[in-house]
Amino acid sequence: MEEFQNELYLKITAQHKEIEQLRKSYVITSDRYSESLVLLNKLTKHAQNVAKRVKERTKESVLAAITARDKAAKAVDVASIEAKDKASKRTSALAHNLKSYPEAIGFIVASAAKAAVDAEKSAAKASKLVAAAAKELAEAVALAEAEAEAEAVALAEAAKKGL
C-alpha cells in the first residue's frame with residue numbers, strides 16, 4: 001500500500017509540475033498576444049495617418065495640377081492675344097503703308113516677315129510657360145509619390161520590427 005501511495009504521490013507531483021508549466025506557458029502566450037494587439041493597434045493607427053497624409057498630398061498634387069493647367073492656359077491665352085494684337089497692328093500699318101507708298105513693298109514684306117518671327121517667338125514663349133507648368137505638376141506628383149513610398153517603407157519596417 002505504501003508503494004501505491006508513493007506512486008500516486010509521484011504522479012500527483014508530476015501533474016502539479018505540468019500544470020505549473022502550463023500556467024507559465026499561458027501567461028507568456030497571453031503577454032505576447034497582448035503585446036501583439038498593442039503593436040497591431042499602433043500599426044493600424046500609423047497606417048491610418050499615412051493614408052490621411054497620402055490623401056492630403058494627393059489633394060495638393062491635384063491642386064498643383066489644376067494651378068499648372070490654369071497657368072499654362074493663361075500663358076497661351078496671353079501669348080495668343082499678344083501675337084494677335086501685334087499682327088493686327090502690323091497688318092493695319094502695312095495696309096496703310098501699301099496704299100500710301102506702293103514703292104515700299106520690300107519694306108512691307110520685311111515687316112511681314114518680322115511679324116511672323118514675333119509670332120513664332122510668342123508661340124515659343126507660350127511653349128516654355130506650358131513646359132514650366134508641366135514641370136511644376138510633375139514635381140508635385142513626384143513629391144507626393146515619394147512621400148507615400150517613404151511612409152509605406154517606414155510602415156513595413158515598423159511591422160517587421162514589431163513582428
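At-a-glance table
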{"read-out": "Matching entry among Lys17, Lys55, Lys59 (being out of contact with any strand residue (DSSP E or B) (no Cβ under 9 Å at 6 or more places or on another chain), over 18 Å from Val141 (Cβ atoms), without any contact (Cβ under 8 Å) to a residue 40 or more places away in the chain and loosely packed, with under 14 Cβ neighbours inside 10 Å)", "value": "Lys17"}
{"read-out": "Residues within segment 69-123 that are modelled with pLDDT under 70 and either loosely packed, with under 11 Cβ neighbours inside 10 Å or within 30 Å of Lys135 (Cα to Cα) (or both), tallied", "value": "2"}
{"read-out": "Of all residues making up segment 124-135, the number that are closer than 10 Å to Val76 by Cβ and either of a type in the set (D, E, K, R) or surrounded by fewer than 14 Cβ atoms within 10 Å (Cβ to Cβ) (or both)", "value": "1"}
{"read-out": "Tabulated pairs, segment 112-126, first in contact (Cβ under 8 Å) with a residue 12 or more places away in the chain, second part of a helix (DSSP H, G or I) and among the small types (Gly, Ala, Ser), C-beta under 6 angstrom, 6+ apart or interchain", "value": "Ala115/Ala87; Ala119/Ala83; Ser122/Ala79; Ser122/Ala83; Lys125/Ala79; Ala126/Ala75; Ala126/Ala79"}
{"read-out": "Residue satisfying condition, being modelled with pLDDT of 75 or more, within 30 Å of Val38 (Cα to Cα) and part of a helix (DSSP H, G or I), within set Ala150, Ala132, Ala159", "value": "Ala150"}
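The values are calculated or read from the model by the stated rules, or taken from the named source; none is laboratory data. Here the structure is a predicted model, which means the values were calculated and not measured. Here the Cβ is made from the backbone with ideal geometry for all residues, glycine too, and neighbour counts use every protein chain on show.
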